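Right, one structure below, let's go through it.
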Amino acid sequence: MGPGPSKRLPLEFPPTMFGFLKQVGDYTRDAVVASQNIVQGLSVTFDHLRRRPVTVQYPYEKLIPSERYRGRIHYEFDKCIACEVCVRVCPINLPVVDWVMNKATKKKELRNYSIDFGACIFCGNCVEYCPTNCLSMTEEYELATFDRHSLNYDNVALGRLPTSVTSDPAVIALRELVYLPKGVLDPHGVPADRPRAGQLPEEVLASLTKTEES
Amino acid sequence: MAPALNLDLESGFTSLLEAAGLSSGVSHLLWLPLPMLLVLVAAVVGVLVTVWLERKISAAAQQRIGPEYAGALGILQPMADGLKLLFKEDIIPARADGLLFSLGPVLVVVPVILSWLIVPFGQHLLISNVGVGIFLWIALSSIQPIGLLMSGYSSNNKYSLLGGLRAAAQSISYEIPLALAVLAVVMMSNSLSTVDIVDQQSAAGILSWNIWRQPVGFLIFWICALAECERLPFDLPEAEEELVAGYQTEYSGMKFALFYLGSYINLVLSALLVTVLYLGGWGFPIPVETLAGWFGLSVDAPVLQVFTGALGIVMTVLKAYLLVFIAILLRWTVPRVRIDQLLDFGWKFLLPLALVNLLATAALKLLFPAFFGG
């Protein structure tokens with residue numbers, strides 16, 4: 001502290017004392033603000049207790065995959081011309097196209113086709129570039145196996161159609177949030193024929209052509 | 001305080017046996033295991049309920065459902081978890097110190113269960129009205145860090161060692177403000193006995209509870225109790241993001257279950273002790289004597305005695321579980337603190353605050369002896 005300048009009034013306290021009081025005040029204010037924040041946080045957590053669960057009770061309930069869902073790849077053997085475009089566009093050249101040249105007809109003869117879903121990243125490039133549309137993406141995503149080698153699907157396995165969630169009698173199919181009718185947040189018990197919020201692409205197209213005609 | 005609540009099961013039981021021709025020593029000996037067994041069962045059932053509540057409330061706070069298939073609303077889920085742990089292989093790591101490794105969980109659990117000795121559920125509904133009551137609990141809870149340190153050290157694992165050291169540091173730092181907060185209450189009730197502490201709060205029902213006279217002490221005690229139980233936001237010793245599972249990392253089977261059991265018994269115990277120290281223990285918000293007066297009943301009527309005893313148990317458990325609920329809600333509200341923040345908070349904030357609280361209580365006791373237990 002030491003003696004202050006002689007100009008100071010006799011009633012004035014040394015500055016360090018005010019400093020200390022200010023420190024105590026700041027400290028108390030910080031503590032009060034912190035506890036207020038904790039109470040505010042508690043009220044938020046408490047409010048969540050009365051909200052409905054948002055979880056889907058898999059495997060009894062399942063969400064309907066969206067239209068552009070990139071699931072397991074479906075393959076039609078008869079359409080395939082063994083051009084190997086799918087192999088070239090694949091990031092890791094994954095599809096195995098097993099063909100031989102038939103010398104007599106001078107045509108490729110496809111013997112086997114397989115994709116290993118243990119290595120596939122489901123990017124959909126093969127589906128995009130297939131010239132004969134023999135590849136397509138399904139909504140199947142339950143690919144768990146006991147052995148990783150059983151993920152290597154041959155043309156027979158690739159040709160199977162997945163069970164649709166909506167047609168499976170053991171499963172309650174639930175719509176995802178964006179496919180629910182306007183204002184509905186809970187997918188339980190929403191009738192299947194109630195349209196989703198907004199317009200479907202074909203509806204948008206229809207309205208566009210109508211405006212062009214007028 | 002009217003000494004009206006004299007429902008005494010012990011004297012009833014022993015006099016019954018003495019009437020049957022047994023000596024008083026033998027009948028006392030026959031009585032002794034009964035409350036111990038009862039409290040042990042109560043503690044374990046309390047843990048099962050707490051685990052179920054924890055899972056259900058956590059689920060609700062995160063908009064999930066939680067366990068629902070084991071029993072109605074998943075009420076048997078903790079039982080299933082316990083059974084699973086019971087049947088799991090008991091592994092002692094090859095390079096671990098086997099003796100210390102096995103002794104650690106025991107040293108953690110035994111003091112916690114022993115502390116139930118002093119928890120009163122009614123005027124005579126406790127195992128032993130020890131004169132040093134609450135001090136015994138503080139002393140017993142100091143044993144716990146030794147067990148934690150022991151298990152952390154003997155596991156021969158860096159995470160376990162760090163977890164054990166953190167647990168010991170945390171327990172020791174928060175013991176002191178905890179004891180000071182208790183001391184303020186003890187000063188007001190002129191006794192260390194838990195029964196006397198509750199009796200002192202029972203004069204005017206809810207208005208005479210210690211929480212109104214010791215709001216700061218209540219907060220300090222609750223924060224420290226959470227830290228002692230290693231509950232979030234103070235669960236650094238077992239912070240899974242940093243230390244896998246802290247001192248529990250190498251444990252499996254029943255030894256892990258002992259840690260698990262110990263931490264939950266400790267949580268329930270802390271909630272019960274907050275109830276005893278600050279929320280009037282077994283007292284109903286309106287004193288039972290007043291209620292009896294309204295209905296024109298004598299407080300000594302046997303029916304009322306039984307009713308009062310039952311009400312005491314219900315009130316104690318209800319208040320304790322309200323606090324458990326707050327602890328669970330806090331778990332999902334506040335983030336974990338860092339170890340330096342934790343120690344700063346304990347030594348630089350709680351300790352001075354607890355000291356100021358103690359001095360203020362002493363001053364207020366001298367100024368207003370009528371309100372602060374002269």
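Here, each number is a calculation from the coordinates, and none is a lab measurement. Please read all numbers here as calculations on a predicted model, not as lab measurements. Every residue, glycine among them, receives a Cβ derived from its backbone with ideal geometry; neighbour counts consider all protein chains shown.
In chain A, the longest principal axis of the Cα atoms and the axis of helix A:15-48 are about 30 degrees apart. Taking every alpha-carbon pair under 8 Å whose residues sit at least 6 apart, chain A reaches a relative contact order of 21 percent.
Working from label points 7 Å from Cα in the Cα-to-Cβ sense, the residue A:122 to residue A:40 distance is 4.0 nm. For chain B, the longest principal axis of the C-alpha atoms and the axis of helix B:158-189 are separated by about 20°.
Annotation for segment B:30-44 versus segment A:139-190: alpha-carbon center distance of 54 Å. Per-residue packing, averaged as other Cβ atoms within 10 Å, sorts the ranges B:22-35, B:159-172 into the order B:159-172, B:22-35, beginning with the highest. Going by the alpha-carbon gyration tensor, a ≥ b ≥ c the square roots of its eigenvalues, is segment B:189-302 rounded (a/c under 1.5) or, if a/c is not under 1.5, prolate (a/b greater than b/c) versus oblate? It comes out prolate by the Cα gyration axes.
In plain terms, the chain from residue B:34 to residue B:306 could stretch by 96.0 nm, reckoned as 0.36 nm per residue minus the Cα-Cα distance.
Tell me whether segment B:65-188 comes out rounded, prolate or oblate; compute the Cα gyration tensor, take square roots of the eigenvalues as a ≥ b ≥ c, and use a/c under 1.5 as the rounded threshold. Can you show the working numbers first?
Values: a/c = 2.11, a/b = 1.20, b/c = 1.77.
Here segment B:65-188 falls in the oblate category.
Structure shown: which of A:79/A:106; B:56/B:255; B:56/B:319; B:319/B:365 lie over 22 Å apart, alpha-carbon to alpha-carbon? Over 22 Å apart, Cα to Cα: B:56/B:255; B:319/B:365. Each stretch of four or more DSSP H residues adds -39500 (n - 2.57); spread over every residue of chain A, this sum gives -9000 deg cm²/dmol at 222 nm. Computed from label points 7 Å out along Cα-Cβ, the spacing between residue B:290 and residue B:83 is 4.8 nm. Helical runs (DSSP H, four residues minimum) scored at -39500 (n - 2.57) apiece and divided by the length of chain B put the mean residue ellipticity at 222 nm at -21000 deg cm²/dmol. Remark on residue A:63: its backbone amide H falls under 5 Å from those of A:174, a criterion applied only to residues 5 or more positions apart or on other chains, H modelled at 1.01 Å from N.
Per the Cauchy relation, a quarter of the hull surface: what is the mean projected area of the convex hull of the alpha carbons in the protein assembly as shown, in nm²? Walk me through the intermediate numbers first.
On the way: hull surface 207.5 nm².
Averaged projected area of the protein assembly as shown's Cα convex hull equals 51.9 nm².
Is segment B:172-219 best put as rounded, prolate or oblate by its Cα gyration tensor, with a ≥ b ≥ c the root eigenvalues, rounded for a/c under 1.5, and otherwise prolate when a/b is larger than b/c, oblate when not? Oblate, because a/c is 1.5 or more while a/b does not exceed b/c. The spacing between segment B:200-263 and segment B:332-351, judged by their C-alpha centroids, is 14 Å. Taking 7 Å steps out from each Cα toward its Cβ at residue B:72 and residue A:145 produces label points 4.6 nm apart. Against the longest alpha carbon principal axis of chain B, how many degrees, from 0 to 90 and to the nearest 10, is the axis of helix B:302-331 turned? So the helix axis and the longest Cα principal axis differ by about 30 degrees. Normalised by the number of residues in chain B, the mean separation of alpha-carbon contacts (under 8 Å, six or more apart) gives a relative contact order of 22 percent.
Compute the semi-axes of the equivalent ellipsoid of chain B, taking the square root of 5 times each eigenvalue of the Cα gyration tensor, and list them largest first in whole Å.
On the way: eigenvalues 252, 141, 84 Å².
Ellipsoid semi-axes (Å, largest first): 35, 27, 20.
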